[in-house]
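Working notes, structure below.
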Amino acid sequence: MSSSISDVRKGCVIKHQGDLYVVTDARFTNPGKGSPFVTVKMKSITRGKTTEMTYKPVDDIEIVEVQSQKLQYLYKNAGFYSFMNNDNYENYDLEEEIIGDSSKYLKDGMEVYGSMFEDRVVAINIPPKVQYKVTDAPPAVKGDTASSGRLLKEVTLENGLVVKAPIFIKEGETILINTDTGEYCERIND
Amino acid sequence: MDYSLTTNMNHIYHIDRNFSKLQTRFAILKLIREFLWQDKFVEIEAPTIVALPGQEPNIQPMQVVVKDDKKKSFKGYLHTSPEYTMKKMLATGFEKIFYLGKCFRDEESFGGTHNPEFTMLEWYRQNASYYDLMDDLEKLSKFINKKLKFNNKNIAKKWKRQTMKQVWQEFVGVNLDDYLDSKKMCQLCISLGYKPAKTESYEELFYRIFLNKVEPFIGKDVPTIIYEFPKVMASLSKEINGGKYAERFELYYQGIELANVYTELNDAEEQKKRLQSEQKTRAKNKSLVYPIDEEFIDALKTGIGNCAGGALGVDRLIMLFTMDKDIDNVIVLPMSKLFNKEE
């Protein structure tokens, strides 16, 4: 399938010089000199090699259709992340590299979408917003403005992730996090 | 106060999250002014709404409609750079001037290394060439590095200065002299495995190779100035080397372009020709087309002398010091926080 550069996203699979690559990062730039382009970081599915390419709007980019499969995250063991397909109970142990930056947002039992290519998981897509229980929220200290302003504090979430949240957030509460930016969105009232 | 009763405070939390970076931002803005004032520059103002914006083919101005007291409408644009205004000022005798303020460019990404509304430092020196502006940039960055005690070792080192020809030799392995027209550059692209369209301009072809084979490798350790651009890529700058190249340079650091500087073209006829050619490219690209600012050409006819001018992306300079990868973190309220993209 021939596509335009704005279709290229993290997690999609593209054909490049006869090999298949999964996109690990795609940055769109309009440099003001020459036409806009997208810089794509991608990893070869067959050889694991990482490469970087820029594409212009006139370029044909061949995006390979991959199947999206709902997977459940189980646990991390010996450097591998285990997922299960709840439809057929198939297990997948994935390397850190496939998960990339998203690994910090994983929590036990969480549902994610896997990009499947020939029965292999080539990328993991985390929901854009995820709820987490706050496991540690120090009381806000007055005058604690060295690294931040006066409205946010660092809290620890159930999966160990540390984020900045409003000072009124207490331990045991549930908050919604934007997994694209790592930013607090809102408190979920039970 | 019960914060939980208010909205989700998207704006206020953004500011709070970046509190210390924003403090750094304003300290840097202050130092830029101090540095230039010490050197007897005058800070000027330029209208941000203009009737006739720049003709650069790949820069899109934002349209605005202004109504007078009788509700008669005028079509204007937010300036993409204060260049025309500043050159009109140079023609009347202003000598060393700078603009530190907002510029606007449409069809840019919200975040990353762009914000459609951004802060630019544009500065001009009379009786100077772009070599003087290379010194300005290096000294300014070192001044900020020292005054704010960043102690960034790479910025403190002596900066690298390489010609475009040298970096093509080093990273592409070819003599750029042999590839100064579209036909030759197109052949080079094909031989390197690209599939350019037949209609691509020299600049497009040049950047295909430059963006993939050169840019990622320059300015990795120390800030690097790349100078002497092929003439066709420097529409507002002075020619050198028998018309093959022009006095334009760009500053790169860690994969980001920070500044673009010229020894200014002061030949009105030549300038008009180049703007007409850019205007045609705009039409071909189906971009907005508007008349050439004839008073800008008049400014050159009146005489702007031998001057050099540059544009520095100030938000990006701040990112360099705060070590940020996302421009949003150094802007009070970036575009990405103003509109709800999900709507």
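General observations
- Test result for B:K139, more than 14 Å from chain A (Cβ to nearest Cβ), surrounded by fewer than 15 Cβ atoms within 10 Å (Cβ to Cβ), assigned to a helix (DSSP H, G or I) and touching a residue at least 60 places away in the same chain (Cβ under 8 Å): yes
- Residue check for B:S191: among the polar types (S, T, N, Q), within 14 Å of another protein chain (Cβ to nearest Cβ) and out of contact with any strand residue (DSSP E or B) (no Cβ under 9 Å at 6 or more places or on another chain): no
- Scanning the stretch B:172-194 for residues being at pLDDT below 95 and among the aromatic types (F, W, Y) gives a total of 1.
- Lone unmet requirement of (1) assigned to a helix (DSSP H, G or I); (2) under 30 Å from B:G111 (Cβ atoms); (3) within 18 Å of the chain's Cα centre (by Cα) for B:R282: (3)
- Matching option when the condition is more than 21 Å from B:Y124 (Cα to Cα), among the basic types (K, R) and touching a residue at least 12 places away in the same chain (Cβ under 8 Å), among B:K273, B:K183, B:K220: B:K220
- Residue ranges of strands (runs of 3 or more DSSP E) in the stretch A:89-190 with at least 3 members in contact with a Ser or Thr (Cβ under 9 Å, 6 or more places away or on another chain) and under 30 Å from B:T24 (Cα atoms): A:152-157, A:162-166
Okay, residues lined up against (1) more than 16 Å from B:Y77 (Cβ to Cβ); (2) at pLDDT 95 or above; (3) not in a helix (DSSP H, G or I):
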| site | (1), (2), (3) |
| --- | --- |
| B:E269 | yes, no, no |
| B:K272 | yes, no, no |
| B:E278 | no, no, no |
| B:L288 | no, no, yes |
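- You will find that of A:K133, A:K164, A:K170, A:K153, the residue that is basic (K, R), touching a Leu at 6+ places or on another chain (Cβ under 8 Å), within 14 Å of chain B (Cβ to nearest Cβ) and free of Cβ contacts under 8 Å to residues at least 60 places away in the same chain is A:K164 and no other.
- Wholly within the stretch B:27-109, strands (runs of 3 or more DSSP E) carrying at least 3 residues that are farther than 21 Å from B:G310 by Cα, away from chain A (no Cβ under 14 Å) and more than 22 Å from the chain's Cα centre (by Cα): B:63-67, B:73-78
- A:K56 vs. criteria more than 14 Å from chain B (Cβ to nearest Cβ) and of a type outside the set (V, I, T): no
- Residues in the stretch B:2-24 that are within 7 Å of another protein chain (Cβ to nearest Cβ) and at pLDDT below 90: 3 in all.
- Once the stretch A:59-82 is narrowed to residues that are part of a strand (DSSP E or B) and within 14 Å of chain B (Cβ to nearest Cβ), the residue that is surrounded by the most Cβ atoms within 10 Å (Cβ to Cβ) is A:I61.
- Restricted to the stretch B:206-234, and to residues there that are more than 9 Å from chain A (Cβ to nearest Cβ) and farther than 19 Å from B:W159 by Cβ, the residue that is surrounded by the fewest Cβ atoms within 10 Å (Cβ to Cβ) is B:K213.
The values are calculated or read from the model by the stated rules, or taken from the named source; none is laboratory data. What you see is a predicted model, and the numbers here were worked out from it, not measured in a lab. Don't worry about glycine lacking a Cβ; one is built from the backbone with ideal geometry, like all the others, and counts go over all protein chains shown.
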